[in-house]
Amino acid sequence: MELRVTEIFLSIQGESSHAGRPCSFVRLTGCPMRCVWCDSEYTFYGGEKIGFEDIFAKLAEFGCALVEVTGGEPLVQKNVFPFITALCDRGYEVLIETGGYVSTEKVDERAKIILDVKCPASGEAERNYWPNLERLRPDKDEVKFVIADMKDWEFAKGIIEKYDLITRSKEVLISPVHATENLTEIAEAVSLSGLKVRLNLQLHKYIWGAEVRGV
Ligand code: SF4
């Protein structure tokens, strides 16, 4: 079996409660969404078809126990589901970073899901697939809101409350759009909120810069 892959690389996990950990990344090609602030538009097209065994060999070379499957939107390729299961079978700790448009129902239950909820400034909030929120597990799954402005923050607070996300998930991540002029305002609002959420800055962009790929 094969997947269409944009890049495979070893780096530091830049986001979520796993930030700072060494992590291998398998970045799949393709995404049906078009978020205004998307930082991985280069995944929309192209890529290379790579067999599972060749991907496993590359990951074995890296020798890292943590693997993230990301994109683009990784869950649009149907072969990703047996691929995730095969990674789990090999003993990897597996993270799935998904944009929240595709159902997570078929993801192997051993994998940990980091689920985006798209806010209004993304331009894609109408496409959130809400049943995904009901499948979150408090011991392993995380939910991420990318926030561009205070309207997004108000939207996020409403969804956190409506779906009881603090109880339902392991972490609620509040992720300001990189280099937004609203960063201080968002951080202050988070600190004053009294909510058990985590401000999520993208560590890799501070280490290597926002435009560098494969890190
Ligand atoms: S879902 Fe992710 S990859 Fe797709 S457009 Fe939005 S930010 Fe970009």
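The values are calculated or read from the model by the stated rules, or taken from the named source; none is laboratory data. None of the values given here were measured: they were computed from a predicted structure. So basically every Cβ, Gly included, is an ideal-geometry build from the backbone, and we count neighbours across all protein chains shown. The protein model used for the area step is the full one, side chains on, heavy atoms only, and it has no ligands, DNA or RNA in it. Shrake-Rupley method; radii C 1.70, N 1.55, O 1.52, S 1.80 Å.
Measuring nothing but how far apart in sequence close Cα pairs (under 8 Å, 6+ apart) lie, relative to its length, the range 74-132 scores a relative contact order of 33 percent.
Reported to the nearest whole Å, the Cα centre-to-centre distance from the range 158-190 to the range 1-69 is 24. Counting only cysteine Cβ atoms and a cutoff under 4.7 Å, the chain contains unmatched residues 23, 31, 64, 88, 119. The fraction of accessible area contributed by carbon and sulfur in the range 36-156 is 50 percent, rounded to a whole number (1.4 Å probe; ligands and nucleic acids excluded). Normalised by residue count, the range 49-164 yields a Cα convex hull volume of 115 Å³ per residue.
Within the range 4-49, the chymotrypsin sites (Phe, Trp or Tyr not before Pro) that combine a DSSP coil assignment with at most 15 other C-beta atoms in a 10 angstrom radius are 37, 45. Each semi-axis of the equivalent ellipsoid for the chain is √(5λ) with λ an eigenvalue of the Cα gyration tensor; in descending order they amount to 27, 18, 16 Å. Fully extending the segment from residue 193 to residue 139, taken as 0.36 nm per residue of separation minus the present Cα-Cα distance, adds 17.1 nm.
Taking the longest Cα principal axis of the chain as reference, the axis of helix 52-62 is set at about 70 degrees. For the range 1-92, rounded, prolate or oblate, judged on the Cα gyration tensor with a ≥ b ≥ c (square roots of eigenvalues), a/c < 1.5 rounded, else prolate if a/b > b/c? Here the range 1-92 falls in the oblate category. Taking the charge dipole of the chain about its Cα centre, with +1 at Lys and Arg Cβ atoms and -1 at Asp and Glu Cβ atoms, the residue from 87, 28, 42 reaching farthest to the positive side is 87.
In a fully extended conformation the segment linking residue 130 and residue 17 would gain 38.4 nm over its present Cα-Cα distance, using 0.36 nm per residue.
Gaussian network model of the chain, Cα springs within a sub-10 Å range: biggest mean-square fluctuation belongs to which of 175, 193, 11? Looking only at 175, 193, 11, the biggest GNM fluctuation is shown by 193.
Evaluated over the chain, the count of Lys pairs having alpha-carbon atoms less than 17 Å apart is 23 (only pairs 8 or more residues apart or interchain).
Entry note, the range 1-112: relative contact order of 27 percent, from Cα contacts under 8 Å with a spacing of 6+ residues. Find, among the trypsin sites (Lys or Arg not before Pro) in the range 1-54, those assigned to loop by DSSP (not H, G, I, E, B) with at most 13 other beta-carbon atoms within 10 angstrom. Filter output for the range 1-54: 34. Calculated mean residue ellipticity, 222 nm, the chain: -7500 deg cm²/dmol, from DSSP H runs (n ≥ 4) at -39500 (n - 2.57) each, averaged per residue and rounded to 500. The label-point distance for residue 49 and residue 65, in a model that sets each label 7 Å from Cα toward Cβ, rounds to 3.6 nm. Annotation for residue 185 and residue 36: the two label points, set 7 Å from Cα along the Cα-Cβ direction, are 1.3 nm apart.
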